[in-house]
Amino acid sequence: MKFEQLAQQTGEWMRGNGPESDIVMSSRVRLARNLADFPFIRKCTPQDRSAIAANVRKAFEALPLGEETEYVDVAKLGDLDRQFLMERQLISHELSEAEGARAVVLDPQERFSVMVNEEDHLRLQVMQSGLDLKAAWKRMNDLDDILESKLTYAFTRQLGYLTACPTNVGTGLRISVMLHLPALVATKQIDKVFRAFTKINVAVRGLFGEGSQFMGDLYQVSNQMTLGKSEEQILERVSEVISRLIEYERKAREFLVEESRDDLHDHVSRALGILCTAKKISSEETMHYLSKVRMGVNMGLLESIPIPTVNKLFIQTQPAHLQKLCGHKLDVNARNTERANYLHQHLTDKDKSDPKRN
Amino acid sequence: MKCQHCEKTATFHITELTGPDGPAVMHLCEEHARDFFNQDGSTHPATALNKMLSKQLKLDKMSEELSAVDKKECPMCGITFAEFRKGGRLGCPYDYVAFEEDLEPLLINIHGGISHTGKLPSNQTGTPQRQFRIKQLKDEMKEAIEKEQYEAAGKLRDRIASIEQGELDDLDGETEPPDDDFQSNPTQPPSH
């Protein structure tokens, strides 16, 4: 798989369609699994790690989906390629920075990826655009079933699937929904809302997972408990929380319009203006203004920019993506210039090429 | 001497050699000493879990009991409970059996329960009890070979092979972890 080609396309989770996609960017379902024949990662010898990777690779090659999927040896990738896969959320920071044999199995449409030798031997994830947890879970369950026919997982009847960290034991299931909540941020209600949610055991993280800041008003909301409830129950629990968050965000958007539609219109238009005309711009600033533009488009205040374009720009303006797209390495300064060029080209060209406007 | 942070007697006298202002001497009670040692790697993602663990253990156990728990070692992978507490990651699936009672309060704290009700694998041979039994039998076989008891070693080899080929018996995780007089195949006479 050529990562340069991948950089051009929009992965499943950035397509920008599906239910509630004005607020929900993507639904993501993850399973943690470990092979019964090996110790957990921290007690693995380099030989164990290689053997685990080889077993998983063999299993995938024997499966009907094996031909389309690509097995990528992460240990052989350079820094830029690893960062690129991280920006696309196909691998985690932990997998990128680990040492020893490790890999990721990729679906070319980016509808799933399987990390090998991360915190657990296997981390399976399924991505779906918009809010569709049931569809995502069904696909996850199917993938798990077919892999299970080739691999023997560690489990007990009492505790379910056994994981390296006791926080994941049981179902090994993490359901994670990425939400765009600019109005809750603008009305300064976001902290209050999330404080209420942590009490009911829901975790909130930034775009790039644990420890990352809430860039671009993007939040990942996920379940914390994995043991004692069935997969369907966990799914329902997360769905309830998400519906409430969507409702709050919509109310906050209505409030902003009622307060002053003109001010809001001015605000999002200026954001678009900066993105179109800046000559140098950082990744953080880009995310900040893209968030406002995304809200403006979804609220009918900005026309002529399709949401998939905005979503795509969130990712393509990230450092590794910019460098993949232009084909060579760039330092921070050169990236800021390149990023401004890229934004200008994609946000203004769309204006001209839109047939409705010609 | 009193602890620097509370009224209790200081039982730990620690000299920190790598402090920002050169060596520093600290006098701490057991509880604060534990906190001090647990500060290591405070940026590590496991820290939150570690804190929860320390708190949990402090609430539930007296300090002597605590150090006894810390010294417990998994017979399968050799990890101690203290090592697990420090890194927040277990060493092998059998840890859930070896540290069962020590992990229970933690699991209740995190998940609110200890009984899995979700999906189970269709291939039910992956229990840690089974892996441990295979390890025990392999150790026995090695010993038999060293003692030149080849007939016994041969029987053990066959036994291992049949377990590895997925023979289902009471090694399915419902039973207690196997011990020396564990008998899973009623057609074979007891081994001793």
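The values are calculated or read from the model by the stated rules, or taken from the named source; none is laboratory data. Computed from a predicted model, the values in this text were never measured in an experiment. Don't worry about glycine lacking a Cβ; one is built from the backbone with ideal geometry, like all the others, and counts go over all protein chains shown.
Within segment A:97-127, the set of residues being surrounded by 20 or more Cβ atoms within 10 Å (Cβ to Cβ), polar (S, T, N, Q) and over 23 Å from residue B:93 (Cβ atoms) comprises A:113 only. In segment A:171-178, is there at least one residue being at pLDDT 95 or above, over 21 Å from residue A:90 (Cβ atoms), in contact with a strand residue (DSSP E or B) (Cβ under 8 Å, 6 or more places away or on another chain) and small (Gly, Ala, Ser)? Taking every residue of segment A:171-178 in turn, none turns out to be at pLDDT 95 or above, over 21 Å from residue A:90 (Cβ atoms), in contact with a strand residue (DSSP E or B) (Cβ under 8 Å, 6 or more places away or on another chain) and small (Gly, Ala, Ser). Among residues of segment B:123-138 being over 20 Å from the mean Cα position of the chain (by Cα) and at pLDDT 90 or above, the one that is surrounded by the most Cβ atoms within 10 Å (Cβ to Cβ) is B:137.
Within segment A:1-47, the only residue that satisfies the criterion of being surrounded by fewer than 20 Cβ atoms within 10 Å (Cβ to Cβ), in a helix (DSSP H, G or I) and within 12 Å of chain B (Cβ to nearest Cβ) is A:42. In segment B:121-150, the residues that are at the interface with chain A (Cβ under 8 Å from one of its Cβ atoms) reach residues that are assigned to a helix (DSSP H, G or I) with C-beta atoms within less than 7 angstrom, at least six apart or across chains, in these pairs: B:121/A:148; B:122/A:148; B:123/A:148; B:128/B:96; B:128/B:97; B:129/B:97; B:130/B:163.
If you go through segment A:176-186 and pick out every residue that is of a type in the set (A, V, I, L, M), surrounded by fewer than 24 Cβ atoms within 10 Å (Cβ to Cβ) and assigned to a strand (DSSP E or B), you end up with 2. Listed conditions (1) closer than 17 Å to residue A:121 by Cβ; (2) in contact with a Ser or Thr (Cβ under 8 Å, 6 or more places away or on another chain) are all met by residue A:57, apart from (2). Of the helices (runs of 4 or more DSSP H) entirely within segment A:217-319, those holding at least 1 residues that are over 20 Å from the mean Cα position of the chain (by Cα) and closer than 30 Å to residue A:168 by Cα occupy A:231-277. If the condition is being touching a residue at least 60 places away in the same chain (Cβ under 8 Å), facing chain B (nearest Cβ under 9 Å) and out of contact with any Phe, Trp or Tyr (no Cβ under 6 Å at 6 or more places or on another chain), then segment A:160-181 contributes A:160, A:163, A:171, A:173. In segment B:81-119, the qualifying residues are those that are assigned to a helix (DSSP H, G or I) and within 7 Å of another protein chain (Cβ to nearest Cβ), and the one that is surrounded by the fewest Cβ atoms within 10 Å (Cβ to Cβ) is B:87.
When segment A:50-104 is limited to residues that are of a type in the set (Lys, Arg) and under 21 Å from residue A:144 (Cα atoms), the one that is farthest from the chain's Cα centre (by Cα) turns out to be A:58. Of the residues making up segment A:182-200, none is within 14 Å of chain B (Cβ to nearest Cβ), under 25 Å from residue B:96 (Cβ atoms) and either out of contact with any Ser or Thr (no Cβ under 9 Å at 6 or more places or on another chain) or in contact (Cβ under 8 Å) with a residue 24 or more places away in the chain (or both).
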